[in-house]
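Asks: Got a structure for you, questions after.
The values are calculated or read from the model by the stated rules, or taken from the named source; none is laboratory data. Just so we're clear, the structure is a prediction, and the values are computed from it rather than from any experiment. Note: ideal-geometry Cβ built from the backbone for every residue, glycine included; neighbour counts use all protein chains shown.
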């Protein structure tokens, strides 16, 4: 087991290094001079050059890469070109929007998916099953930004039940949660659909296994068997999907954050790209990739703990 | 194939997807109105007998634009799946043929690396670096199809390498490359078709999302995602602008997913697993 | 029972009292500034926060575009037009408590015109030969040549007065000005909060606090105003929604003028646009009214030259480039392009450019000119079009006031480079007599219209929307600013 963890750790480290190289060099070739952008169209070339050297843009690529990576390791994400404040400071504020949003969406997704997944599995072949399977197909097919557009136009503009977007901060937790509700729901819908389907098929798989037949032969009802045996065994694939969904939600909320003008990590990257704020883009993308790699690592380890056969996986 | 059509899911899905594929083909030869003309005097007309889906803010016929938009979506998604299959399958087969070797390790770690990048984010980066266009959208979506196909073909190929008919071929002196293409590949095509259908539908959603944020197909190429983006400020007074392109996306994706599920059940009746 | 009723009405009174005392406002804006120092960066988004609210200059713009007193109480101009003697207002304090003295002005002006200055508008200060401060309240500026625009130049946001010796790096996130509002907080990517300056030297602001909230997406902006999340959006990005606001008694729509000449900028050095006949054909191929109607939903005034229609010196030259596709085709044949040609059309993000671009592409196609359309972010636009001059056509709104002088710069991105026009501008710069200046300005307008330098489309309208109870917002935009000093709630 120790050997397995060490091996995974090594590959985790290599992945991080490879990711940092890819990110840095990919982003450094984005066209557009940040100094020119900051000074605007009527600025003189002198002024632009002065600003470039102030920002250290006249140094070579390699020294800049080295500075960036060594800073990252020490938790120093650099200073934003555009806002002139430490990126770490900006990220801190944003994480408290993106992280709760991802968790909220994940929670909603689970809350919706578990009951309907179990329902569909226990009533296999009935109209309830068909309804769940059809509804989840639809849930996967609806583009979430389209759904968000309609939700805003109905719930915020027409009926004024929710505010159209924005985030009031955590001073008043009720308002904060209310502001995250519509975006979280929009994000959760396709995830819940996928999760419910995984749940159903995982349950059906375990139901067909021998020990379940034995349990049923011993006189348990279908539902009893489900709750007592199948559910626990079905958790493995479900947890894997949850891990994947969490990293997806953390990074993939860009469009939804933009529609609801939430000050989260996604919208931060989006504006940073348009502002050519390379330091911010690099550091935040790296942070997200780091989060995804860590979540994958944790899922792998948990998996191996549950199922020792997997430790020999190449 | 006949068997497939007996499954209601496949039949429904096939019909839904085919409507849009046919519309895309037809749009090369005929659309009710030209989509590159601007007719301000007739802007924002509600759906009617002359303009079935109404007109947009520049007076263009939405029905015609949805037809041409189908072309863009389908082309982008097909090429992106093509990239995934053409690069991912050989990589996966190679990794399986040399299981445990350095090559296998490099390919699989490379896969993990791509998986670790948040897909949409990288697609945005790619289009920001190289400019927004349909071609770059294809590349951005295609890159993420490579590890999907590499992983699935490696997994399937690994179990085939232990089968008797492969062992027989090895005894007969066939090389690993030859075996991979002559014996392994034909036996995993079913799996690839199922995965291809699913990636195809994901590609259509991704193209719509990229175009929606302005990083996909550019004017004058109509695209469902861009139609939604253009119309979003007008949804409250001209909902038909958003409803028809949105429905087109939903129908196509739904159709493809139903097909994919039915095919999976057909090819793998033992498990009858539903798609994840 | 009676007591309870009375209690209830008392509560109601308190409630309405609280309503009447509404002293804060949430303003929506599209572009967040990169930092808050207007003397060290592209002014637009920065001035939308700080101009008149936090920072003040010697002179300032009023809502109608006239130049009025700022930190200078009065000024004397010598007969030769070379020496300006400014007397400063009394009792002016910076937000950190220090007094404004003449040496602050001296320091600010010298910093702006210095060799290593990062001021984005260095040309505003180009005519200054010397600045001196004989005493604490007097500043003497000597010019190298008479400049009829000098007081106008000093009203720009780039010419505001800073506190001598302040750490200019720190000012970028914590401005220290003399204005009626002090800076309170900035949540990057979200909002900036200002609070009333209780020690203001002039008429104090009526609002106690103001929040400027950044919403870049037009749809989100619409939703935010409709849902009441923001109280006013002075420059509302989606003209298509204004009719809905107008029909809703909760809101008032404020339509005024801006300094934004929206043009189809043409690369005058790139064939075939180096041929004036081709440019003339372009001018006749474009239907301005369709563009205003289609892209701006009717908001905007057609222009036929690079000059603001609300300026008294404006000439209406639109008939000279009327919509006439037949004539355009004929001119293309005369120029040697009977089958038309293909060129590039590069569009920055605003909807006037993106939507206008679709319409113009269709109109040009109708006369045989094919365009390859590319959408660019501002950064790419600056790099490729503005700096790299790698474009055939582009659409952009020039929002600086009185900016016809950009045509005198032969290296400016559309590369006009007419020596006759440059001479004309030199004459204008040194002329101080109003009648002479008007005459020269009109000559300049005619000259660029006759040369069809660019396609002149329309003057951008300032379309704002606000809660119907808000008073005192600027109707026009003589410069980029959200002047909140006179804004109040009227219940």
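Asks: With respect to the numbered conditions (1) at pLDDT 90 or above; (2) farther than 21 Å from residue C:127 by Cα; (3) in contact with a helix residue (DSSP H, G or I) (Cβ under 7 Å, 6 or more places away or on another chain), which one is the sole condition not fulfilled by residue C:442?
Replies: Unmet for residue C:442, out of (1) at pLDDT 90 or above; (2) farther than 21 Å from residue C:127 by Cα; (3) in contact with a helix residue (DSSP H, G or I) (Cβ under 7 Å, 6 or more places away or on another chain): (3).
Asks: I would also like to ask the following. Which of the residues that make up the stretch B:251-276 are at pLDDT 85 or above and either surrounded by fewer than 22 Cβ atoms within 10 Å (Cβ to Cβ) or farther than 30 Å from residue C:358 by Cα (or both)?
Replies: B:251, B:254, B:255, B:256, B:257, B:258, B:259, B:260, B:261, B:262, B:263
Asks: With the structure loaded, tell me whether residue B:159 is within 30 Å of residue A:273 (Cβ to Cβ), surrounded by fewer than 21 Cβ atoms within 10 Å (Cβ to Cβ) and either out of contact with any strand residue (DSSP E or B) (no Cβ under 7 Å at 6 or more places or on another chain) or at the interface with chain A (Cβ under 9 Å from one of its Cβ atoms) (or both) or whether it fails that test.
Replies: Details: within 30 Å of residue A:273 (Cβ to Cβ): no; surrounded by fewer than 21 Cβ atoms within 10 Å (Cβ to Cβ): yes; either out of contact with any strand residue (DSSP E or B) (no Cβ under 7 Å at 6 or more places or on another chain) or at the interface with chain A (Cβ under 9 Å from one of its Cβ atoms) (or both): yes.
Taking the combined requirement at face value, the residue does not satisfy it.
Asks: Could we say that residue B:53 is within 30 Å of residue B:260 (Cβ to Cβ) and assigned to a loop (DSSP other than H, G, I, E, B) here? Break it down stepwise before answering.
Replies: Numbers: within 30 Å of residue B:260 (Cβ to Cβ): yes; assigned to a loop (DSSP other than H, G, I, E, B): yes.
Yes; evaluated as a whole, the condition is true for this residue.
Asks: Only one residue in B:130, B:117 is at pLDDT below 85 and either buried (at least 22 other Cβ atoms within 10 Å of the Cβ) or over 30 Å from residue C:373 (Cβ atoms) (or both). Which one?
Replies: On inspection, the qualifying residue turns out to be B:117.
Asks: Kindly indicate the residue of the stretch A:265-286 that is modelled with pLDDT under 80 and part of a helix (DSSP H, G or I) and also surrounded by the most Cβ atoms within 10 Å (Cβ to Cβ) among those meeting that condition.
Replies: A:273
Asks: Assess whether residue A:155 counts as being in contact with a helix residue (DSSP H, G or I) (Cβ under 8 Å, 6 or more places away or on another chain), surrounded by fewer than 24 Cβ atoms within 10 Å (Cβ to Cβ) and more than 8 Å from every other protein chain (Cβ to nearest Cβ). Please lay out each step first, then the result.
Replies: Details: in contact with a helix residue (DSSP H, G or I) (Cβ under 8 Å, 6 or more places away or on another chain): yes; surrounded by fewer than 24 Cβ atoms within 10 Å (Cβ to Cβ): yes; more than 8 Å from every other protein chain (Cβ to nearest Cβ): yes.
For residue A:155, the condition - in contact with a helix residue (DSSP H, G or I) (Cβ under 8 Å, 6 or more places away or on another chain), surrounded by fewer than 24 Cβ atoms within 10 Å (Cβ to Cβ) and more than 8 Å from every other protein chain (Cβ to nearest Cβ) - is met.
Asks: Considering only the stretch A:163-201, state which residues are more than 9 Å from every other protein chain (Cβ to nearest Cβ), closer than 23 Å to residue A:149 by Cα and more than 20 Å from the chain's Cα centre (by Cα).
Replies: If the condition is that a residue be more than 9 Å from every other protein chain (Cβ to nearest Cβ), closer than 23 Å to residue A:149 by Cα and more than 20 Å from the chain's Cα centre (by Cα), then A:168, A:175, A:178 are the ones that fit.
Asks: I'd like to know if the stretch C:454-472 contains one or more residues that are out of contact with any strand residue (DSSP E or B) (no Cβ under 9 Å at 6 or more places or on another chain), in the same structural domain as residue C:342 (by TED's automatic domain parsing) and in contact (Cβ under 8 Å) with a residue 12 or more places away in the chain.
Replies: No, that holds for no residue.
Asks: Still on this structure, I have one more. If residue A:193 meets every condition in (1) assigned to a helix (DSSP H, G or I); (2) closer than 30 Å to residue C:218 by Cα; (3) at pLDDT 80 or above apart from one, which number is that one?
Replies: Every listed condition holds for residue A:193 apart from (2).
Asks: Being facing chain A (nearest Cβ under 10 Å) and either in contact (Cβ under 8 Å) with a residue 12 or more places away in the chain or farther than 24 Å from residue A:276 by Cβ (or both) is the requirement here; does residue B:113 meet it?
Replies: yes
Asks: If you go through the stretch A:80-120 one residue at a time, how many are farther than 30 Å from residue A:198 by Cα and surrounded by 21 or more Cβ atoms within 10 Å (Cβ to Cβ)?
Replies: 7
This table checks each residue for (1) within 14 Å of chain C (Cβ to nearest Cβ); (2) surrounded by fewer than 15 Cβ atoms within 10 Å (Cβ to Cβ); (3) more than 16 Å from residue B:148 (Cβ to Cβ).
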site	(1), (2), (3)
B:165	no, yes, yes
B:169	no, no, yes
B:174	no, no, yes
B:185	no, no, yes
B:191	no, no, no
B:195	no, no, no
B:209	no, no, yes
B:212	yes, no, yes
B:218	yes, no, yes
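Asks: Moving to a separate point now. I'd like to check something: does the stretch C:142-164 contain any residue that is within 14 Å of chain A (Cβ to nearest Cβ), crowded, with 19+ Cβ neighbours inside 10 Å and under 30 Å from residue A:262 (Cβ atoms)?
Replies: Scanning the stretch C:142-164 turns up no residue that is within 14 Å of chain A (Cβ to nearest Cβ), crowded, with 19+ Cβ neighbours inside 10 Å and under 30 Å from residue A:262 (Cβ atoms).
Asks: On to the next question. Which is surrounded by 22 or more Cβ atoms within 10 Å (Cβ to Cβ) and away from chain A (no Cβ under 14 Å), of B:23, B:94, B:70, B:46?
Replies: B:70
Asks: Is it true that some residue in the stretch C:299-312 is within 18 Å of the chain's Cα centre (by Cα) and outside any loop (DSSP other than H, G, I, E, B)?
Replies: Yes, because at least one residue in the stretch C:299-312 is within 18 Å of the chain's Cα centre (by Cα) and outside any loop (DSSP other than H, G, I, E, B).
Asks: So, in the stretch B:220-233, how many residues would count as being surrounded by fewer than 22 Cβ atoms within 10 Å (Cβ to Cβ) and within 24 Å of residue B:258 (Cα to Cα)?
Replies: 0
Asks: Which fully enclosed helices (runs of 4 or more DSSP H) of the stretch A:16-102 have 3 or more residues being modelled with pLDDT of 80 or more, under 31 Å from the mean Cα position of the chain (by Cα) and more than 8 Å from chain C (Cβ to nearest Cβ)?
Replies: Ranges flagged: A:61-73.
Asks: Moving on. For the stretch C:224-298, which helices (runs of 4 or more DSSP H) that fit wholly inside it have 1 or more residues that are surrounded by fewer than 20 Cβ atoms within 10 Å (Cβ to Cβ) and in the same structural domain as residue C:334 (by TED's automatic domain parsing)?
Replies: C:276-285, C:288-296
To keep it simple, each residue is scored yes or no on (1) in a loop (DSSP other than H, G, I, E, B); (2) within 14 Å of chain A (Cβ to nearest Cβ); (3) in contact with a helix residue (DSSP H, G or I) (Cβ under 6 Å, 6 or more places away or on another chain).
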{"position": "C:173", "(1), (2), (3)": "yes, yes, no"}
{"position": "C:177", "(1), (2), (3)": "yes, no, no"}
{"position": "C:185", "(1), (2), (3)": "no, yes, no"}
{"position": "C:195", "(1), (2), (3)": "no, no, no"}
{"position": "C:207", "(1), (2), (3)": "yes, no, no"}
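Asks: Can I ask one more? Does residue B:231 count as assigned to a helix (DSSP H, G or I) and within 11 Å of chain C (Cβ to nearest Cβ)?
Replies: Here the answer is yes, as residue B:231 does meet what is asked.
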